[in-house]
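The values are calculated or read from the model by the stated rules, or taken from the named source; none is laboratory data. All values reported here derive from a predicted model rather than from experimental measurement. Heads up, the Cβs are rebuilt from the backbone with ideal geometry, glycines too, and the neighbour counts pull from every protein chain shown.
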Amino acid sequence: MRRSKCEREHLTITPSKPRGATVIDVAKRAGVSPMTVSRVINGSTSVRDETRKAVKDAIRELNYTPNVAARALVTSQEIRLGVIYSNPSAAFMHDFLIGVYEEASVLGAQLFLLGGQDGRPPPPDAIDRLIASGIGGVLMAPPMGESRAVRDPISLAKLPMAVVGGPARDAISVRIDDRAAAYDMTQHLIALGHRRIGFIIGNPSQSASEERLAGFDQAVREAGGVETVLVQGDFTYMSGLVAGEQLLDMAKPPTAIFASSDDMAAAVVSVAHRRHMSVPDDLTVVGFDDTSAAVTLWPPLTTIRQPVRALAAEALRLLIQEVKSSRKGSKTRHPKCVFAHELIERQSTAPVTG
């Protein structure tokens, strides 16, 4: 697993430690909302005694340690942030929003959510209303960070921005190295003996799609003797169904298919099952993201894990720092952070036989 890095002064993000209890876990155990847990942690007097006791009992039982250092970032001045999202993958967005919400609960930030549909930006008037609501900054889930329709009005309003999952010159950027991750996965398939590999490209409007394809191409060129077939997708399950049919309809279909997202990979597995093919005995299938989609089917997917919750939480934390700095008149730094990825092997891959 590659080390993570954050391109800002005197700071490197190291790979995440195993996940401990979170505010969400405490809230579930106590039977209250995450915001109530946050109020108890912050010593609010507006919580009933019995509720306070339930929360403290849950904290003790789960051995939860509040992030005191992170909470110290927030002053008495309220932090109000917009979160703009429009990602067709429900599994990805679930992890993203949990990461954002957990961090906001700890830091005491107030969130205003604005969603688009099927990867399209929200209407311009909705973005204008969000900006006019008095927010101090905006966090964007992929692919919104690459949409001019979203970014231009925010830039015009001179609001701090944080982008998850893509590069950004004029905003905080928190992501993984998509090219290196796809390169690692392709090398893994080649090491298993696969020499006919199908690749399903992600949404052409997103830089992550281009980077993952570039990593795939690099590994194939270096190996030599590998036949490839490229099919266009858009990160959705439906596009994975279409791409899977195209690849498996070939006179000489691939022995392995690398889909640029878990949703598309899950769709390929479904297509294979409908054709009475065994995964992985007849066909190896791998994905990307390690969302819940990777483990809610049989066989569970070998995939690239990008820590979506951690990416979202770090982006929110950095955005709050930048909002505070801008209020003090400090120079904006726009940190660029690259987190570690990990290749997770499960039961959807096997060496070539025959």
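A few comments on the model shown:
- Among the residues of region 80-96, the one identified as in a helix (DSSP H, G or I) and at pLDDT 90 or above is 96.
- Of the residues contained in region 43-58, none is found to be buried (at least 21 other Cβ atoms within 10 Å of the Cβ) and either at pLDDT below 85 or under 28 Å from the mean Cα position of the chain (by Cα) (or both).
- So residue 281, is it part of a loop (DSSP other than H, G, I, E, B), of a type in the set (Asp, Glu) and either free of Cβ contacts under 8 Å to residues at least 24 places away in the same chain or surrounded by fewer than 23 Cβ atoms within 10 Å (Cβ to Cβ) (or both): yes
- Here region 158-179 is the region considered, the condition is being surrounded by fewer than 24 Cβ atoms within 10 Å (Cβ to Cβ) and of a type in the set (Asp, Glu), and the residue that is nearest to residue 128 (Cα to Cα) is 170.
- Strands (runs of 3 or more DSSP E) fully within region 105-205 that include at least 1 residues being under 27 Å from residue 237 (Cα atoms) and not β-branched (Val, Ile, Thr): 110-115, 137-140, 172-176, 196-201.
- Number of positions in region 224-264 that are assigned to a loop (DSSP other than H, G, I, E, B), under 20 Å from residue 306 (Cβ atoms) and either in contact with a strand residue (DSSP E or B) (Cβ under 7 Å, 6 or more places away or on another chain) or not assigned by TED's automatic domain parsing to the domain that holds residue 201 (or both): 3
- Checked against the criterion of being at pLDDT 70 or above and on the phi > 0 side of the Ramachandran plot, region 23-35 contains one or more residues that satisfy it.
- Condition broken by residue 150, with the remaining ones in (1) under 23 Å from residue 89 (Cβ atoms); (2) assigned by TED's automatic domain parsing to the domain that holds residue 242 satisfied: (2)
- Residues of region 21-39 that turn out to be in contact (Cβ under 8 Å) with a residue 60 or more places away in the chain and not β-branched (Val, Ile, Thr), as a count: 3
- Within the set 344, 304, the sole residue that is touching a His at 6+ places or on another chain (Cβ under 8 Å), surrounded by 16 or more Cβ atoms within 10 Å (Cβ to Cβ) and of a type in the set (Val, Ile, Thr) turns out to be 304.
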